Each structure stands twice: as C-alpha cells, then as structure tokens.
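Visitor: One structure follows; several queries about it will come next.
The values are calculated or read from the model by the stated rules, or taken from the named source; none is laboratory data. As the structure is a computational prediction, the values presented were derived from the model and not from experiment. Backbone-built Cβ (ideal geometry, glycine too); neighbour counts: all protein chains shown. Heavy atoms of the whole protein, side chains included, go into the accessibility calculation; ligands, DNA and RNA do not. Shrake-Rupley method; radii C 1.70, N 1.55, O 1.52, S 1.80 Å.
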Amino acid sequence: MAIIRPEITDLELSGITRIALEGFSIPDTVPLWFGESDLDTPDFINQAAKDALDRGMTKYNYARGHMPLRDALKTYLDKLYAIDLDPDRITVPGSTMLSVYMSMMALVEKGDEIIMISPFWPNALSAVQMIGATAVDVRLEEQDGQWFLDMEKIKSAVTPKTKAIYINTPSNPTGWVMSGEQQKEMLALSRQKGFGIISDEVYHRNLYDGSTVAPSFMEIASDEDPVFIVNGFSKAWAMTGWRLGWMITPAGMADQMAVFSECMNTGATAFIQYGGVAALEEGEDFLARFNARCMQNREMVMDIIGGHSRVHLLEPKGAFYAFPKVEMKSSGLDLARGILHSEHVGVAAGYTFGPGNENYLRLCYAISPERLEPALRKIANYLDRNDI
Ligand SMILES: Cc1ncc(COP(=O)(O)O)c(C=O)c1O
C-alpha cells in the first residue's frame, strides 16, 4: 500500500458511519444517526425530474449547471437575501459535499492550515485530510446556555500558514447559528489577514426563531472576496439521495469553475437538476411543514433527553440535531453501541465531531414524532439502567 498516498490510506470511518454499519443489520433499528428525515422527497419535485428524464435530459451539458437551474438559483437567492447575485458566480457541480471539497481544494494546499470551528461535521475534516492540510480546531464555548463563538480564539488561531476557515452555520451537530454581526467581524478579519472563508450553509432554511433564513455571507461578501459559499437541496427539501448542491464562488472564476467542475463530476446529474428547479420555485409550503415538525420534535428532545439527570443539552437554534453531553464512565462510542444493541436506536458517537466531544452523542430529530418519541424514551431508559 506504500504507493497509495497516506492522505487516503489514513482515512477512517466516522463515528456516524461506524455505528450505522453496525446497525444496518439489526432489524427495526430507529436511525437517528444520519442527517435526514424519514419523509420522501415531495411529489412535485420527483415529477419535475421524471418529466426532465422523459424530455431526454440525460446528456452532457455545461459543467457549471443547466441554465434553468442556475436561473432559478439566482432568482431564489436574490429574493432570499435581497441581493443582485452575479450569475457567473453560481456553479452546480454535484452534491453539497463535493462543493465543500472543491472549495477547500481552491483555497488550501498540502501543509497549509485551515481553521475549523468545532464541533464540526466529520466529512469536512476528512476533506482537509485528503488535501494534506492541517485542521486547526477552534471550539465553540458554552455561554449563558448557548453555543457561542469567541472571536478572540479565532484571532489567536490565525498564523502565517492559515489559508482558510471552514464555518458551518447553522451548525451540524450543535445547532449554533452565527450572527450577522460575527459574520461581518469574520469577513473583516479575513480581509485583514488574507485568508479565505468557506461558509457551509446547507441548513440555511432549518431555523426555529421564526426567521425564514439564517444570516449568510451572501449578504455581506463582495464579489471579489475569497469567500466560497456552499449549499444544497438535501436538508430543506428532503433530497439527501439526490446529491445536488451549489456553490457561490468569487467573481471572475466562471471559466475556471467550468473546468474544475468538469474534472470533478462534469456537473450534477442532468435530469435531477430539474427537481432542484421545482424545489426552489414551489418548495416553501413543504419547508414550512417540515420546520414545524422539527420544532415540535426539538421540544420533545429537550424534554426527554435534555431533562435527563445525566444529560446536559443546549437548545439547538438551527439544523435538526441534538448534541447532548452525557455523564459517563466509558465513551460516547461505547454508549452509542450500547444504545444500538440494547435499544435498537442508532445515534452517532460524539468523538467524531472534533476534539473534546468524546462524552457527547449526536442524534437527528427530523424523523416523524411517532417514531421519535419512543426512540428517545428508550435512550433515556437505557441511561437510567446502565451506568456506563
Ligand atoms: C454541515 C454539512 N455540510 C454538508 C453536508 C453534505 O450535504 P449533501 O448530502 O447535500 O452533500 C452535510 C450533510 O450532512 C452537512 O451536515
């Protein structure tokens, strides 16, 4: 194996996939491990993709995305953020994950440092590792019952090797939402120190304070700032299996992004892009219903899990995960395994979300309340009965 790059041979399964692989073979397991609901993609989205398939949308096209989807994205984003986006900044290369990786490849090289606000989604760290860059962890604080980013910690983490910062807001796994004020501070710092920003906004519509969208770097970055904004269809419109996302890059990169996208996936799958158009144009009612369900579920999690005597749980402000810290003698991985094998409920082990999270679990609360409630009660009962 010596011939294969160590950046690849060193990769390990995440604490999400490890548990899921164990759980797939256990019948009737309630999966709270992945970031998705049990809802099917809405019919009107499926129908738009089927129609496109019937119209022969199965061929090569411009690798930055089909025109109807890029037009729909411009209309959607302009309205959502009250901006006038340069359409040449939009690329649809494939999934959101691919957009995260491409943004990192655009900004960071082997040996560079990238600041990662933690707890973070483990695949973002794997992307850094595959490039051979070094992730510098800056952990959110717990302050006044909320997750909080201390900008002074970011300033002290910046070195001459810092090329970028990866920010995921609203955050998986904590539900932290970065304020518009902090985004302005971060942008000012990036301009002063000369590093790029990768803003992963895939949960931009999953919020619980009544606002329609989370504060975004879309609203404040100028066309020239080295800011890459990544987003996608998975989380707002129940489209995780579609592998469809978009990225907004600095201006003046249209040709380069076409080549880059061509070499990654030659753009997203042709006909599914029309499902994306339907989601953007007609998806608001579905989203409102989905968010209402998640809001109800969030209360249930705060009550059943957050109310347990061994658990410390901060209320998530966005996305659809709970990230409880559990008093334990062993580790989050042992606990997740115990819950899986004894209760048939699958949760992710905290260690995988970055250093300092070994005593945490992550659970996704987007599934139907009828399935969620008994699963949460089983976790609570397990904690009552097992002092591990
Ligand atoms: C923070 C974050 N970014 C990106 C993604 C990837 O999204 P997609 O499945 O659309 O590629 C996820 C998926 O869980 C995520 O949690």
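Visitor: What pairs can you find where one residue is in segment 242-262 and over 16 Å from residue 218 (Cα atoms), the other is open to solvent by 70 Å² or more (accessible area, probe 1.4 Å), and their Cβ atoms are less than 6 Å apart, with a gap of 6+ or different chains?
Guide: Listed by first residue and then by second, the contacts come to 254/88.
Conditions (1) in contact with a Phe, Trp or Tyr (Cβ under 8 Å, 6 or more places away or on another chain); (2) more than 13 Å from the ligand (Cβ to nearest atom); (3) in a loop (DSSP other than H, G, I, E, B), marked per residue:
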{"site": "224", "(1), (2), (3)": "no, yes, yes"}
{"site": "229", "(1), (2), (3)": "yes, no, no"}
{"site": "258", "(1), (2), (3)": "yes, yes, no"}
{"site": "263", "(1), (2), (3)": "no, yes, no"}
{"site": "274", "(1), (2), (3)": "no, yes, no"}
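Visitor: I would also like to ask the following. If the Cβ limit is 6 Å and pairs must be 6+ apart or interchain, which residue in segment 215-229 that is assigned by TED's automatic domain parsing to the domain that holds residue 76 pairs with which residue that is assigned to a loop (DSSP other than H, G, I, E, B) and hydrophobic (A, V, I, L, M, F, W, C)?
Guide: Once the first residue is assigned by TED's automatic domain parsing to the domain that holds residue 76 and sits in segment 215-229, its partners that are assigned to a loop (DSSP other than H, G, I, E, B) and hydrophobic (A, V, I, L, M, F, W, C) give 223/251; 227/221.
Visitor: Which residues, taken from segment 263-272, are touching a residue at least 40 places away in the same chain (Cβ under 8 Å), among the hydrophobic types (A, V, I, L, M, F, W, C) and open to solvent by 50 Å² or more (accessible area, probe 1.4 Å)?
Guide: The answer is 264, 271.
Visitor: Here's a check for you: in segment 145-161, which residue that is part of a helix (DSSP H, G or I) and open to solvent by 50 Å² or more (accessible area, probe 1.4 Å) is nearest to residue 325 (Cα to Cα)?
Guide: First pass over segment 145-161, keeping only residues part of a helix (DSSP H, G or I): 151-157.
Remaining after also requiring open to solvent by 50 Å² or more (accessible area, probe 1.4 Å): 152-153, 155-156.
Working: 152: 25, 153: 22, 155: 27, 156: 27 Å.
Looking at residues that are part of a helix (DSSP H, G or I) and open to solvent by 50 Å² or more (accessible area, probe 1.4 Å), I get 153.
Visitor: Contact list please: Cβ distance under 6 Å, first residue in segment 116-140 and on the phi > 0 side of the Ramachandran plot, second residue away from the ligand (no atom under 11 Å from the Cβ), pairs at least six apart or on different chains.
Guide: Final answer for the pair search is 132/7; 132/110.
Visitor: Give me the pairs, please: first residue somewhere in segment 36-50 and open to solvent by 90 Å² or more (accessible area, probe 1.4 Å), second residue anywhere and modelled with pLDDT of 95 or more, beta-carbon distance under 7 Å, and either six or more positions apart or on two chains.
Guide: 40/238
Visitor: Name the residues in segment 183-219 that are within 16 Å of the ligand (Cβ to nearest atom), over 15 Å from residue 229 (Cα atoms) and in a loop (DSSP other than H, G, I, E, B), would you?
Guide: 206
Visitor: Please enumerate the residues belonging to segment 1-30 that are open to solvent by 70 Å² or more (accessible area, probe 1.4 Å) and not in a loop (DSSP other than H, G, I, E, B).
Guide: Answer for segment 1-30, where residues must be open to solvent by 70 Å² or more (accessible area, probe 1.4 Å) and not in a loop (DSSP other than H, G, I, E, B): 6, 8, 18, 21.
Visitor: Pairs only if they're at least six apart or on different chains, beta carbon under 9 angstrom, first in segment 1-13 and over 19 Å from residue 121 (Cα atoms), second open to solvent by less than 70 Å² (accessible area, probe 1.4 Å) and at pLDDT 95 or above; list them, first residue then second.
Guide: 1/9; 2/9; 5/130; 5/132; 6/132
Visitor: Return the only residue of 38, 71 being closer than 24 Å to residue 347 by Cα and either under 23 Å from the mean Cα position of the chain (by Cα) or away from the ligand (no atom under 16 Å from the Cβ) (or both).
Guide: 38
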